[in-house]
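Step one of this worksheet: look at the structure below.
The values are calculated or read from the model by the stated rules, or taken from the named source; none is laboratory data. The shown structure was predicted, so the numbers you read here are calculated from the model rather than taken from an experiment. Virtual Cβ from ideal backbone geometry, glycine too; neighbours counted across all protein chains shown.
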Amino acid sequence: MNAVFRIFCLALILTALSRVDATVAATFQVAPDGSDANSANGPFATLQAACQAARRIDAGQTRTIIVRGGDYFLAEPVTLTPEDNGLTIEAPAGEKVCLYGGREVSGWEPDGDGLYAASLPGVKEGAWDFRALIVNGRYCPRARLPEKGFFEHASVFDVPWMSTTGGGWKRKPTDVELTTMKYKPEDLGPWLDVRNAEITVYHMWDESLVGVSANDPNSHTLTFSTPSGHPAGAFGVRKYVVWNVREGMTQPGQWYLDRTQGKVIYRPLPGEDMGKARVIAPAVESIFIVKGTKEKSVTGVTIRGLTLAATTTPLKAGGFGAGAFQGAVDVESARDCTFADLEIVNVGGQGIAVSGSNLRVERCRTHHIGACGIRFHGDGVTIADNEVHDVGLTYPSAIALTGGGKGCQVAHNHVYRTPYSAVTCGGQDCRIEGNRIHHAMQELHDGAGIYCFGGKGLVLAGNFIYDIVDTGGYGASAYYLDEQCENCVVEKNLAVNVGWPSHNHMAKNNAIRNNVFLSEGDMQITFPRSSGYAFEKNVLSAKGKITFDNYEGITQAADNVLYSALGKVACRKLDQYRQTGSYILEPGGTNVQADPMVTVDKGKATFAPDSPARKVGIEPIDVSDAGPRL
């Protein structure tokens, strides 16, 4: 009996030990002086090798890869799949870790006219191509014609646009219309190197970057190597720019890739020594690829505390929002994953692109990006406390922070210096709140600080948007509910120095309430093809006139304070988009036309004791905490 008892106890102990082993943490390290061949006695040299080692650990163990401080150059992305579930990849506190998706460029030699050149293997053969160059930490501008502004092409496309949900173009563009553009002979000629030249054809809310396969100097016609997203001349826009030709190397800091000669060409900044300069040319589109499937998600992965830089994009039109490109962090079919405290800088495509459920992108700094800063899609995604700026450096239709899904939250982000919309969101029951947004819409049109398309039950609350200037075209606004937005609420937001604070297009049954909109000039509030709006307890104060378009789209207007320093509050009647009449909006009901006596200081909008806003029950707005929370 004693022997049997002892055997029984030993079995229990072994079982317990096996359970402890199954839950024990396994930690691997990667270091610049590591070795993939001798990892048993030290750190790995590459993340790929560390990931392979982590996959050999029994399921159930916590797996962590610590990447020690230093620079790492990746020849291929780090790809994580469901076999990496639960893995954490992070930098130690206080150590700077940078992963580059490119190669260092050396061997610079003078190339005439103050330029320097370096030969690159594979460029002439077409095996290596890129649209970004990083010199001493700068995302450098490419050679450009004209030096400033735009050329005007001669192509015409007079087909009406029927709206996005209306099917787009009334007549589908032909292949020829999508692949050709006529230019003026004084702008271009037979000298154009078609192998190097790339063209940005501007549309209204996006653009197409295309290559050139042929130039007919007799008919003054370029043929594109890839189709544009819209025909040249669509929307009445005829702007274009030529990139990546030697004739455009007019400013210090510019560069171009000479595919004919197999070289990269650069014009140094004053005092820049190319013998000492650190130049990095991107070679991959993503640094991290996290890829699950519909049947089997990647779950529980965390990537934290790293800096990612230098990625490239293929030569093709990016589509609306420049969404056709991969992210430096590119995530598909993932669940319960976190991407935190990352710096994404000087990448050619998207910064972070995630899709799945219960994903978190937090406290990341994403800046100096060729396309979008952060893209997301899924259920229960949280995008919070990030800083996103200087995006769209190659693709100006890029949106700084964009996405949609169900039950997502976009909260307390700081977004600024964007060529197009700062934040866009669609989907169902998403919240966009506490964001600080400024200096958006600096190049393209028909967008906003916060733009929503097709959203159901969205809430835009407690946001602070300021300093957005309308540059023409279809305009620029602060808060924009576009086609098929329904049952959305825009409340307790502040807009300062935005002449078009609220635009609503083909939307219905939404509420705009208790917002404060201030303008140093004229102000317009617009509801074309919209209906069923509640417009209540808002303060509109403009030093110029105030104009409502399709005021009839509002079914309930109450307790608003409207103040034009010129004493002009007017309404324009619309038939579709055509004005059919106008009238003066007279005070009536509980709406007041008087000075609201509002003071705004660092995001706090307060009313004087005898303000009419107080009398109609409008609450003061405090969005001073908009932006990342410390």
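One residue alone among Thr15, Thr62, Thr46 is more than 23 Å from Asn136 (Cα to Cα) and modelled with pLDDT of 95 or more, and that residue is Thr46.
Is it true that Gly370 is within 25 Å of Val97 (Cα to Cα) and either aromatic (Phe, Trp, Tyr) or buried (at least 24 other Cβ atoms within 10 Å of the Cβ) (or both)? So Gly370 fits the description; yes.
Might you check whether a residue that is in the same structural domain as Pro596 (by TED's automatic domain parsing), among the hydroxyl-bearing types (Ser, Thr, Tyr) and in a loop (DSSP other than H, G, I, E, B) occurs anywhere in region 536-556? No, every residue in region 536-556 fails to be in the same structural domain as Pro596 (by TED's automatic domain parsing), among the hydroxyl-bearing types (Ser, Thr, Tyr) and in a loop (DSSP other than H, G, I, E, B). When Tyr551, Tyr563, Tyr577, Tyr533 are screened for being touching a residue at least 24 places away in the same chain (Cβ under 8 Å), among the aromatic types (Phe, Trp, Tyr), out of contact with any His (no Cβ under 8 Å at 6 or more places or on another chain) and surrounded by fewer than 19 Cβ atoms within 10 Å (Cβ to Cβ), only Tyr577 passes. Scanning region 483-498 for residues that are in contact (Cβ under 8 Å) with a residue 40 or more places away in the chain, buried (at least 19 other Cβ atoms within 10 Å of the Cβ) and not in a strand (DSSP E or B) yields Lys492, Asn493.
Closer than 23 Å to Tyr395 by Cβ and either modelled with pLDDT of 95 or more or outside any strand (DSSP E or B) (or both): does that describe Ala132? Yes: the conditions hold for Ala132.
Restricting attention to region 244-283, the residues that are within 24 Å of Lys182 (Cβ to Cβ) and either surrounded by fewer than 20 Cβ atoms within 10 Å (Cβ to Cβ) or in contact with a Pro (Cβ under 7 Å, 6 or more places away or on another chain) (or both) add up to 2. If you filter region 183-226 down to residues that are touching a Gly at 6+ places or on another chain (Cβ under 6 Å) and not in a loop (DSSP other than H, G, I, E, B), you find that the one that is surrounded by the most Cβ atoms within 10 Å (Cβ to Cβ) is Ser208. The residues of region 114-129 that are assigned to a loop (DSSP other than H, G, I, E, B) and under 26 Å from Ile287 (Cα atoms), listed by number, are Leu120, Pro121, Gly122, Val123, Lys124, Glu125, Gly126, Ala127, Trp128, Asp129.
Does Asp111 qualify as being closer than 22 Å to Thr27 by Cβ, touching a Lys or Arg at 6+ places or on another chain (Cβ under 9 Å) and touching a residue at least 24 places away in the same chain (Cβ under 8 Å)? Against the criterion (closer than 22 Å to Thr27 by Cβ, touching a Lys or Arg at 6+ places or on another chain (Cβ under 9 Å) and touching a residue at least 24 places away in the same chain (Cβ under 8 Å)), Asp111 does not qualify. I want to confirm something. Restricting to region 415-466 and keeping residues that are crowded, with 22+ Cβ neighbours inside 10 Å, more than 21 Å from Ile369 (Cα to Cα) and of a type in the set (A, V, I, L, M), which single residue is nearest to the chain's Cα centre (by Cα)? My answer is Ile432. The condition of being of a type in the set (A, V, I, L, M, F, W, C) and at pLDDT below 95 holds for only one of Leu359, Leu393, Leu444, that being Leu444. Hey, among Thr382, Thr418, which residue is within 24 Å of Val623 (Cα to Cα), at pLDDT 95 or above and not assigned by TED's automatic domain parsing to the domain that holds Gly292? Unique residue meeting the criteria: Thr418.
The residue list Ala324, Ala317 contains one member that is part of a loop (DSSP other than H, G, I, E, B), of a type in the set (A, V, I, L, M) and without any contact (Cβ under 8 Å) to a residue 40 or more places away in the chain, which is Ala324. Note on region 468-482: residues that are of a type outside the set (Ser, Thr, Tyr) and either assigned to a loop (DSSP other than H, G, I, E, B) or surrounded by fewer than 18 Cβ atoms within 10 Å (Cβ to Cβ) (or both) amount to 6.
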